[in-house]
1. If I model a spin label as a point 7 Å beyond the Cα along the Cα-Cβ vector, how far apart are those points for Thr92 and Leu121 in nm?
2. How compact is the stretch 217-280 by the rule of thumb for globular proteins, expressed as Cα Rg over 2.2 N^0.38 Å?
3. Hey, could you get me the Stokes-Einstein D for the stretch 341-488, Kirkwood radius over alpha-carbon pairs, 37 °C and 0.692 mPa s, rounded to whole µm² s⁻¹?
4. With label points built 7 Å along Cα→Cβ from the Cα atoms of Ala56 and His561, find their separation and express it in nm.
5. Return the loop-located chymotrypsin sites (Phe, Trp or Tyr not before Pro) in the stretch 157-192 (DSSP other than H, G, I, E, B) with at most 13 other Cβ atoms within 10 Å of their own Cβ; answer none if there are none.
6. Assign unit charges at the C-beta atoms only (+1 for Lys and Arg, -1 for Asp and Glu), then state the dipole size of the stretch 24-106 relative to its Cα centre in Debye, rounded to the nearest 20.
7. What's the FRET efficiency of Lys174 with His223 using the Cβ-Cβ distance as r and R₀ = 41 Å, to the nearest 0.05?
8. Starting with the fewest neighbours, write out Leu452, Leu209 ranked by other beta-carbon atoms found within 10 Å of each beta-carbon.
Amino acid sequence: MRGWARLLWFLALMVAAPAIGQTIMERLVTPGPLSSAHARLESRCDSCHSSFRKEAQNGRCTACHRGVGADIASGTHFHGRFGPARSGACKTCHSDHKGRGFGLIQLNRASFNHAFTDYPLTGAHQRVGCASCHNGNDYRGVPRDCASCHARKDPHHGQLGRACQNCHVTTAWKSLQGFNHASTGFALTGAHRSATCASCHAGQRWKGLATTCVSCHTKDDAHRGSRGTNCAQCHSTASWSGATFDHASTGFPLIGGHAAATCASCHGAGNANKHPSRSCFACHASDDTHKGQNGTDCASCHNPRSWKQTSFDHDSTGFPLKGAHRTAACSGCHKLPPKQAKPPVTCIGCHAADDAHKGGNGTDCARCHNATGWKAVSFNHNTMTRFPLAGAHARAKCEACHTAPGVKTRLAVECASCHAKDDAHAGRLGRDCARCHSSEAWKGKIRFDHDLTRFPLIGKHAGLACASCHADKTFAVKGTACQDCHDDKHHNGTLGQPAQCRSCHNPVDWRSWSFDHDKATRFALTGKHQGLICSACHSRVGDPAKLGTRCIDCHRRNDVHRGAFGEECQRCHLTTDFHTIQMNSAR
């Protein structure tokens, strides 16, 4: 009975445990003392544990750590973003019952990935230690706005609010990003973009600044207020020195050289002359080379593009300027002011000194010369004279033919009038040189047609130079017979005098002859007579037609009979062979 009594007493103690704190059983099964953070819960195990319900333990944790529970529920912060923390058991990372000095947060700072938090580390934040932002074990409640950490570095002393990221970046505190200044109502343009903040916001004054140009640029005003305070009329934010004032709004548009002039050149220093005169002469009297002799209406000749470039309409004077006259200086013709003396309008009136003819061709220079260039002659010799220029005549200089002034000496149009000294024939062929020569070249191809004479040039004659036959260049008739030109050096008169060369020879080739002795004479060549050279029989000077045709006339010295049988050799002998005897009784 004593054993059952003890058991009932032990069970009674366990049932009564909630009333008296930690039960004896709990004291017996506890793994060890809690950490100092949970020490106050050591007598109440059910604060963290549910008897016989292991899966309910996380709920006990978040019941106390409500912020962590909210993070898990919303998927934010570390416990809501990191998968194992969101779905795993809390005790996996935060184990307890290891003594009062054991830390519940076992964090490896070197390998911790801050990207799993709501504040990824960028720029210089990646290089700072955890303790710089996290005080002790407070890893969740650290604020994320810049000012919470950097308030002591804020040179604006909070005047620009706590949104430091509007201007600063995490790379470096002094590195500024493009703050949208247009949001202030004053957009930055031109040179304002590159200006430092302090150049306008001196002394950290960020509110109540004026937006007019003069509020900042009074010291830059070269006009010292004489032009008013509306600087934007002339200046732009691109550059203070570049003025863009529309001068046309004054009624005096700036064009040409005026556009490049400085304001002070007309208005004086400091805008001393606010309303200068608009007349040219008022400003340019010192530039007037005419010294006022042409009046004060400078604009009638000059223009704003260039004082030295005149635009006077000379056509209105009755003497239009053409060619080289357009580029001539006014003083080239106007030696005196136009009001004193007007220059002549005739060519010779100005160009007498340029007249190479010294007046010999008259005073109407325009017949040959034009305004384009004095040396460019445009006289049309073909239509204005009786002698059209062709060939070499077209390239010859005027003075080559006109050696005396034209008004004094009129040249004849025949060749001999100019080329008598060039006549190699000494006038013996007359004065009509054009019969043979052309105007292209005096010594060039001769176009005389010899076929129209009694001696057409054929064969070898066709390629001969004229002087080959006409050595004396008189071109007088020498005769048409061969012997008139060709001496009989071969036959030496044995074929007659004068020699009848054409009976055997022809102009094609002198050595090629074709005399037919059988038909042209009374002595046909037979037997041994055939093939003999002419001089074998014709060895004496004389007319061949007068030679005898009997054998004895040539062979008398060959007669062995010495005339005993008479002079009729052909009665016995043959032309085939003289030694062959054939008695011919018929003869």
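1. Distance between the two pseudo-spin positions: 2.4 nm.
2. Here the Cα radius of gyration is 1.12 times the empirical estimate.
3. Details: Rh = 19.3 Å.
Reported coefficient: 170 µm²/s.
4. Between Ala56 and His561, the label points sit 19.2 nm apart.
5. Answer in residue order: Phe186.
6. In total the dipole reaches around 40 debye.
7. On the way: r = 38 Å, r/R0 = 0.94.
It comes out at approximately 0.60.
8. Leu452, Leu209
None of the figures in this text is laboratory data; all of them are computed from the coordinates on show. These figures come from a predicted structure and were not determined experimentally. Every residue, glycine among them, receives a Cβ derived from its backbone with ideal geometry; neighbour counts consider all protein chains shown.
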